[in-house]
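These notes are about the structure you will find just below.
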């Protein structure tokens, strides 16, 4: 599983992502904007806690092996909570 800030990559184009990377922000689709508005209405910081909890339960409390698809899904959960966190820091 991908850990740390140095190896974060965009799942679509595989380009390196940093917390200061604003290239993707200008390319938001209407659906992405709607999702951000929805998350904002649901209290984003609480959604971040929930996503982290789900991630940690699967990674640390499960006895089931994690295969490539599961690892990628967990990485997507991590990317989602990081994007939500960045949105609420501004």
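Residues in the range 66-85 that are in a loop (DSSP other than H, G, I, E, B) and either within 13 Å of the chain's Cα centre (by Cα) or modelled with pLDDT under 90 (or both): 66 only.
Filtered by the rule that a residue be in contact (Cβ under 8 Å) with a residue 40 or more places away in the chain and within 22 Å of residue 33 (Cα to Cα), the range 49-77 gives 75, 76.
The values are calculated or read from the model by the stated rules, or taken from the named source; none is laboratory data. What you are looking at is a predicted structure, and each value in this text was computed from that prediction instead of being measured. No Cβ is skipped: glycine too gets one built from the backbone with ideal geometry, and neighbour counts run over all protein chains shown.
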